Protein chains: 2
Amino acid sequence: MNDNKQSREIDTERRILEASAKVFMMKGKLGASMQDIADEAGINRTLLHYYFRNKDKLFDTVFEKVFARLIPAMVSIMTSDQPFQERLEQFVEAYSDMLLENPYLPVFVFQEISLNPHRIAETLKEQGFSPKKTFKKFRSELEEAGMDDMDPRHLFASLLGMVIFPYIGRPLFQTIAFQDDAKAYDAFLDERKKQIPQLLKLAFIGASVQKQ
Amino acid sequence: MNDNKQSREIDTERRILEASAKVFMMKGKLGASMQDIADEAGINRTLLHYYFRNKDKLFDTVFEKVFARLIPAMVSIMTSDQPFQERLEQFVEAYSDMLLENPYLPVFVFQEISLNPHRIAETLKEQGFSPKKTFKKFRSELEEAGMDDMDPRHLFASLLGMVIFPYIGRPLFQTIAFQDDAKAYDAFLDERKKQIPQLLKLAFIGASVQKQ
DNA sequence: GTCTATATGGCGATAGAC
DNA sequence: GTCTATCGCCATATAGAC
């Protein structure tokens with residue numbers, strides 16, 4: 001009987017969450033007003049409070065969902081049993097695709113966790129990311145590849161930096177290196193899916209040569 | 001006669017600018033209140049308005065100064081006439097040192113330019129950064145090194161990403177890879193000054209091998 | 001130049017009708 | 001569940017005394 005109400009309810013909540021994610025990502029937690037979010041969702045401002053009590057709770061809910069998008073690719077790079085270099089490629093591919101669809105995500109997430117560093121620890125555990133195993137496996141694989149002296153954490157940091165930074169630094173890069181040509185920059189972002197693994201591949205070749 | 005007043009004046013303005021930079025970087029433009037800044041500077045809140053009229057103007061002044069710190073190392077990598085790989089090393093070194101002293105700078109700057117992408121264009125020109133020449137020179141040097149197929153802009157993006165990202169992602173990395181051990185992470189950041197050029201060096205070796 | 005006191009506006013939050 | 005009306009706070013900004 002109240003199918004209508006229920007479905008409207010679910011729909012409203014979903015619309016709030018989508019609108020919130022969009023507005024929070026584009027304007028930041030403090031820059032976004034409840035009115036902005038209500039407008040984006042096409043609903044009355046009071047409804048936000050009805051569904052999520054207050055701005056903080058709404059933000060927390062949204063942030064957890066958004067932050068979670070960063071994890072799957074990170075988990076996959078350790079659990080998969082494929083050869084090391086293939087996994088690296090897949091990692092870059094998976095991350096790039098996610099970021100191409102969520103270009104505002106990195107700035108938003110890293111801004112928030114730098115203001116509030118502690119909130120991530122629990123979320124990471126909930127998502128089942130166990131770093132110790134990852135880096136141990138990483139290390140033995142690097143040794144097999146002849147890169148004994150490459151700390152796996154450095155490789156991981158470099159990898160993430162190469163993949164994510166072009167999104168964070170887009171306004172800067174696009175201005176200085178692409179004369180503000182957005183389409184050219186989009187193409188550039190897509191190219192990186194091949195360029196990054198290529199750079200790493202060359203490094204592995206270099207390492208194996210130097211080893212001899 | 002009014003030496004006292006003048007020097008107090010200069011001192012006050014300098015203290016405001018230093019306090020503003022610190023507070024803005026740690027709390028963000030919107031998170032920082034004029035009262036926060038006044039407290040940090042040890043002065044009355046009204047003085048901020050006396051010297052800089054309003055919060056926006058104060059922020060703009062501070063941002064320009066802070067953003068400018070990103071430029072010199074970028075300029076040096078193109079103007080210097082030393083061998084290519086040495087310049088890469090110096091670039092990493094210079095940037096890392098600057099970031100070790102300004103760890104909050106990247107999040108702050110990239111947050112702001114992503115909210116307000118246009119403000120950087122003029123500043124860049126004022127600082128005398130001419131990207132076209134840079135990348136042209138870059139390209140010919142990459143060819144000499146046997147990396148014909150490496151777009152210089154990709155190399156530049158990778159380089160900046162590897163250097164800067166560990167600062168932006170510190171809360172994340174430090175949690176997942178260093179069990180929140182801040183000292184260990186500081187050491188890690190310092191190590192990157194050697195690790196990043198080493199990775200690139202291996203890639204160059206790999207490229208020259210593959211070329212044959 | 002520096003302070004105290006005050007005006008102004010915006011935003012989050014809630015009460016209450018429907 | 002959804003809307004209208006309203007309350008109260010806090011931060012920016014300014015007026016005016018010293």
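Select from segment B:42-113 those trypsin sites (Lys or Arg not before Pro) which occupy a DSSP coil region and have at most 12 other Cβ atoms within 10 Å, ordered by residue number.
Filter output for segment B:42-113: B:Arg53.
If you average 1/r over all unlike Cα pairs in segment B:27-138 and invert the result, what Kirkwood radius do you get in angstrom?
Values: mean 1/r = 0.0619 Å⁻¹.
Across segment B:27-138, the inverse of the average 1/r is 16.1 Å.
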- Task: Can you put B:Val109, A:Val209, B:Val163 in order of Cβ neighbours within 10 angstrom, beginning with the fewest?
- Result: A:Val209, B:Val109, B:Val163
- Query: Could you give, in nm with one decimal, how far B:Thr46 is from each other copy of that position, shortest first, with labels 7 Å out from Cα toward Cβ?
  - Reply: 4.2
- Query: Given label points at 7 Å from Cα along Cα→Cβ, what nm distances, shortest first, separate B:Glu64 from the same residue in every other copy?
  - Reply: 4.5
- Item | Under the Debye formula (equal points on every Cα, no solvent term), log10 I(q)/I(0) of the protein assembly as shown at q = 0.10, 0.11 Å⁻¹ | -0.77, -0.91
- Query: Taking the label point as lying 7 angstrom from Cα along the Cα-to-Cβ axis, what are the distances from A:Met98 to the corresponding position in the remaining copies, in ascending order and in nanometres?
  - Reply: 3.0
- Note on the structure: So the compactness index of segment B:146-212, its C-alpha Rg divided by 2.2 N^0.38 Å, takes the value 1.37
- Item | Computed log₁₀ I(q)/I(0) - Debye formula, equal Cα scatterers, no solvent, segment A:24-82, q 0.20, 0.25 Å⁻¹ | -0.76, -1.03
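Stretch B:Gln179-B:Glu144 to full length: gain in nm at 0.36 nm per residue minus the Cα-Cα span?
Working: separation 35, 0.36 × 35 = 12.60 nm, distance 4.32 nm.
Stretched out fully, the B:Gln179 to B:Glu144 stretch lengthens by 8.3 nm.
How long are the semi-axes of the equivalent ellipsoid of segment B:69-211, defined as square roots of 5 times the Cα gyration tensor eigenvalues? Whole Å, largest first. Each step should come with its number before you reach the end.
Details: eigenvalues 136, 96, 32 Å².
Sorted largest first and rounded, they come to 26, 22, 13 Å.
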- Per-residue average of Cβ from other chains inside 10 Å of A:188-198: 3
- Given a cut-off of under 8 Å on Cα pairs at least six residues apart, what relative contact order in percent is computed for chain A? 19 percent
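No value in this document is a laboratory result; all are computed from the given coordinates. If you're wondering where the values come from, they're calculated on a predicted model, not measured in any experiment. Here Cβ is always computed from backbone atoms with ideal geometry, including for glycine, and neighbour counts include all displayed protein chains.
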